[in-house]
Structure formats: structure tokens, C-alpha cells
């Protein structure tokens, strides 16, 4: 599909042509959807996963879809792993234009309430959801600045940066992510690097790859298809759509975060 801008024709199918994209945790759910969508719009994909088997499975899945991607086994919480990843990219003269910080955990297994505020639980959640992504972002952003790359950095946040989930450590990590997005947007704007976020609601597919029913999601009454999170990543990563967008967190939750004791009845219909 082509759109005109003055006398120039812009190909919507090649929005990210020539861009190098790095997606963390691209093996499942939202990360996999983001990777597929970025590649489908022309980006060259680099991705990470913590498990070697999942890296191989992701590469096979991409190949089956007719696209390619280079995977790295890397743990976002390990500074040495981030250093190795960035050193490898630098040594091969690969400059990342688009960074998507997707990796995250919710801490459900550790429990919520006061029990979820144990120091080891908080540290684990913040290491994965905030400290690790910040370490990688700092390294990638430094290279962007050094190479004068007008890049895009995205963080996958959550509607629970604003709304209660009864998982206080998780929600706090996402609230911190929301402010980091705004702080970094200011810090990197002089270098023409955009920093934005996506706040998904409930994202889940059934065995037939259809969004599962969800009575509290007001729009459609289903969970969000992760493909729509991926398309939002394309929107925020492309100069064509988002050249002047920074410091923004885009909510994609089907109205889930609008629910309260009054709208809940509507959501249950």
C-alpha cells in the first residue's frame, strides 16, 4: 500500500526498511508478535531469549513464515550477558535502530500482598522488569548517540502501572517503567531518539490462536490479540507515523482499565 506525501510515495509495507531491530524475549506471546510485525515491515531482526531451545524454535518459526532473524541466548538480568550482546553487535558493526524492551515477569508464582513484598521477590521483579532493560537500553542508546542514529526505544509496560493488580511489586516495577520512559524521552530528544511505551491489558490466545473470552474487557469481551501489540510497536517505531511522538505510553487493553464498580456490569454482558 502506498501513500503520497507531496510528490513522494511512501510504501506502508516497507515502513522499517533498512532498520535493525532488537527485541528482547521474542520467543513467546507479545515478544513473538512484535518480532513478526517488525520484520513484516522490512526491519532486520535481532532478538534475545534466555533459553537456547527457545532461540532455535523462534528462528524456525520465523523461517516458516518466510522471514529470518538472528537470535542470541541472553539473560537481561545479567550485566555480563548484556555486555557480550552489545560487544558482539559492535564488533560486527551492527547498529540497532529500534530497541524493544519486551522481557518481563509478573511475579504471580511468588504471590501478592505482603508476601509479595519480600526483598527477594522485589529484587527479582525489578531486575527483570526494570534494572535489566535499563542496563541494555543505556548501552544501546550510547551507541545510537555515538553513531548519530535517530532511533526508537520502546518499553513494554502494562496497564498496571496505573491500575491495581494486587501484585504490588509488579505494579511498582511497571509504574517505574512509565516514569523512565518520560525521563529518557527528555534525555534523548536532543539526539533525535524517541522513547515510548506500550501498556497492554490482558493478552492471551486459545489453542486455535483466537483471543480468549474475558468478561471484564469492555471492547469485544476478549483478551487482546498480541498481533495488535506488535502493530503498535510498528507504529511507534516508524518515522512515517511517529516522528514527533516521544514520552508516550500507548494503552491497548480493549477498555479493561476503564472498568470499575459501575462499568463492570457492562463488561459482564
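Scan 74, 40 and give me the residue that is touching a helix residue (DSSP H, G or I) at 6+ places or on another chain (Cβ under 9 Å) and over 22 Å from residue 138 (Cβ atoms). Step by step, each of 74, 40 is checked, and only 40 is touching a helix residue (DSSP H, G or I) at 6+ places or on another chain (Cβ under 9 Å) and over 22 Å from residue 138 (Cβ atoms). If I ask for residues that are part of a helix (DSSP H, G or I) and surrounded by fewer than 16 Cβ atoms within 10 Å (Cβ to Cβ), which ones from the range 58-73 would you list? Scanning the range 58-73 gives 60, 63, 64. Considering each residue of the range 79-89 in turn, none proves to be surrounded by fewer than 21 Cβ atoms within 10 Å (Cβ to Cβ), out of contact with any helix residue (DSSP H, G or I) (no Cβ under 9 Å at 6 or more places or on another chain) and at pLDDT below 95. Counting the residues of the range 127-177 that are within 17 Å of residue 117 (Cβ to Cβ), out of contact with any helix residue (DSSP H, G or I) (no Cβ under 6 Å at 6 or more places or on another chain) and surrounded by fewer than 17 Cβ atoms within 10 Å (Cβ to Cβ) gives 2.
If the condition is being farther than 14 Å from residue 23 by Cα and either in a loop (DSSP other than H, G, I, E, B) or touching a residue at least 12 places away in the same chain (Cβ under 8 Å) (or both), then the range 91-114 contributes 92, 93, 94, 105, 106, 107, 108, 110, 111, 112, 113. Among the residues of the range 184-203, those that are touching a residue at least 60 places away in the same chain (Cβ under 8 Å) and farther than 23 Å from residue 147 by Cβ comprise 200, 203.
The values are calculated or read from the model by the stated rules, or taken from the named source; none is laboratory data. Quick caveat, the model's predicted, so the values are computed rather than measured. For neighbour counting, all protein chains shown are included, and Cβ atoms are generated from backbone atoms with ideal geometry for every residue, glycine included.
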